[in-house]
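Quick notes on the structure that follows.
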Amino acid sequence: MASRAGRSMKHGSGRAILSFHEVAMSRPPALPVSPCIDICHYSRRGHCSGCSMTQAQKRLFAGLKNREQRAEFVQMIRDQQSIMGGYDPWAAVYAEKVRNNPDGESISPSGAKTDSTPEPERG
């Protein structure tokens, strides 16, 4: 079942299906990883056929350093995918990518890993 408005839904087995926002926010203090799933083929009016992002959106995500902004961006991309249609496989691939990046690494639009561990607050 799909998630509505970022809320968890129940799967037929009784297990909760997390919204993309919940997945992106699930492992503090790591920053949410990019919605890019490394297909990067722009065949849909400038949108990637793998994740739906445009090149400008990929650059924008790379510049986001705030955890909440990144999580909201991931949800925005999921909403964009829902409107455009044809992105059903993305959810499983993105969830696997999130599980494989436990050290606070994010993936830049070029596919290169970058350390995104937040610096300690000074005060």
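The values are calculated or read from the model by the stated rules, or taken from the named source; none is laboratory data. Not measured: the values here are computed from a predicted model. Calculation scope for accessible area: heavy atoms of the full protein, side chains included, ligands and nucleic acids excluded. Shrake-Rupley method; radii C 1.70, N 1.55, O 1.52, S 1.80 Å.
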*Can you give the accessible area of Val93, probe radius 1.4 Å, in Å² rounded to 10?*
70 Å²
*Solvent-accessible ranking of Ile37, Ile83, Ile77, largest area first, probe 1.4 Å*: Ile83, Ile37, Ile77
*Ranked by accessible surface with a 1.4 Å probe, highest first, in what order do Lys65, Lys97 come?*
Lys65, Lys97
*Keeping every protein chain in place, order Met76, Met53, Met84 by accessible area at 1.4 Å, biggest value first, i.e. largest first.*
Met76, Met84, Met53
*For Tyr94, tell me the accessible area in Å² from a 1.4 Å probe, rounded to the nearest 10.*
0 Å²
*Rounded to whole Hz, the Karplus (6.51, -1.76, 1.60) HN-Hα couplings of the stretch 73-81, x for glycine and proline*: 5, 4, 5, 4, 5, 5, 5, 4, 4
